[in-house]
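Contents: one structure, followed by commentary.
The values are calculated or read from the model by the stated rules, or taken from the named source; none is laboratory data. Bear in mind that the values here come from a model prediction, so they are computed numbers and not experimental data. No Cβ is skipped: glycine too gets one built from the backbone with ideal geometry, and neighbour counts run over all protein chains shown.
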Amino acid sequence: MLAGPTIIQEQLRNPRAVLTDAPRGLPETLPARVIGQPQGRVTIGDNDGRLAMRYEGASFPQTANELNGYGLLVVDDTSQRVQGVLIYESELPRNHPRLGLVAGGDKTLPLFGVRVDWASMSNPRCPLLGDTTASQ
């Protein structure tokens, strides 16, 4: 549960993998996970043309702020299917396009996006973001 999110986070170093715009046709909800915590989900809305996601779950990082926390929208680079959102409590990526925000409780974090080889990131017997087909 930690190796996959770390490898996904490292994809931010690959300019080809970084999303510059939000994918179209997002469902109303997506699975989400604060790294190292039980799964939650996000509901998706709009904030002046940018994604605005609301985290639903008990583990949104309350100590995170604009400098040390962010959300990462994960898209499978083969199917272009959105898999979900990972929430990191680590240093904010530099010089990447923001897709919007993800909020939980009274905290709001920036949202970025990345394409990954999802089949190599998530084991079907123990999926990183649960059953992603149920929310799409």
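Structure values in brief
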read-out: Among the residues listed as Arg33, Arg41, the single one being modelled with pLDDT of 90 or more, within 16 Å of Thr6 (Cα to Cα) and either among the charged types (D, E, K, R) or not in a strand (DSSP E or B) (or both); value: Arg33
read-out: Members of the stretch 82-127 that are within 19 Å of Gln39 (Cα to Cα), part of a loop (DSSP other than H, G, I, E, B) and touching a residue at least 24 places away in the same chain (Cβ under 8 Å); value: Glu89, Ser90, Gly105, Ser122
read-out: Residue within the stretch 59-70 that is more than 21 Å from Pro93 (Cα to Cα) and modelled with pLDDT under 90 present; value: yes
read-out: Residue pairs meeting the criteria (Cβ under 6 Å; at least 6 apart or on separate chains; first without any contact (Cβ under 8 Å) to a residue 60 or more places away in the chain, in the stretch 32-46; second assigned to a strand (DSSP E or B) and of a type in the set (S, T, N, Q)); value: Thr43/Thr29
